[in-house]
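The values are calculated or read from the model by the stated rules, or taken from the named source; none is laboratory data. Just so it is clear, the model here is predicted, and its values are computed rather than measured. Every residue, glycine among them, receives a Cβ derived from its backbone with ideal geometry; neighbour counts consider all protein chains shown. Just so you know, the surface numbers come from the protein's heavy atoms only, side chains and all, with ligands and any DNA or RNA stripped out. Shrake-Rupley method; radii C 1.70, N 1.55, O 1.52, S 1.80 Å.
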Amino acid sequence: MTTVDARGLRCPAPVIRLARAAADAPPGTELTVLATDPAAVHDVPAWARMRGHQMVGATEQDGVHALTVRTHA
């Protein structure tokens, strides 16, 4: 699993960082973006859906959202 640290950044920066990581990732890779911007909770799943990736998890702890996406095969 790869972690993309986007804490402290405002959207769309978390999605942009996630997209860059996904572009270099082989199919089936799980990428977890860490974000403090609440908009990421909606933006990351929307991005994943539009790109054909799968959301596999979402948690929040102490204001940090961990959103995990599996790249499409």
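The residues of the range 17-32 that are without any contact (Cβ under 8 Å) to a residue 40 or more places away in the chain, surrounded by 14 or more Cβ atoms within 10 Å (Cβ to Cβ) and assigned to a helix (DSSP H, G or I), listed by number, are Arg17, Ala19, Ala21.
Can you tell me which residue within the range 44-73, out of those that are among the hydroxyl-bearing types (Ser, Thr, Tyr) and open to solvent by less than 80 Å² (accessible area, probe 1.4 Å), is nearest to the chain's Cα centre (by Cα)?
Selected residue: Thr68.
Are any residues in the range 45-72 of a type in the set (A, V, I, L, M) and within 12 Å of Ala22 (Cα to Cα), and if so, which ones? Within the range 45-72, Ala48, Val69 qualify. It is to be established whether one or more residues within the range 33-42 are surrounded by 12 or more Cβ atoms within 10 Å (Cβ to Cβ), in contact with a Cys (Cβ under 9 Å, 6 or more places away or on another chain) and part of a strand (DSSP E or B). Yes, there is a match, as at least one residue in the range 33-42 is surrounded by 12 or more Cβ atoms within 10 Å (Cβ to Cβ), in contact with a Cys (Cβ under 9 Å, 6 or more places away or on another chain) and part of a strand (DSSP E or B).
Of all residues in the range 43-73, those satisfying the criterion of being without any contact (Cβ under 8 Å) to a residue 24 or more places away in the chain and either part of a loop (DSSP other than H, G, I, E, B) or among the aliphatic types (A, V, I, L, M) (or both) are Ala46, Ala48, Met50, Gly52, Met55, Ala58, Asp62.
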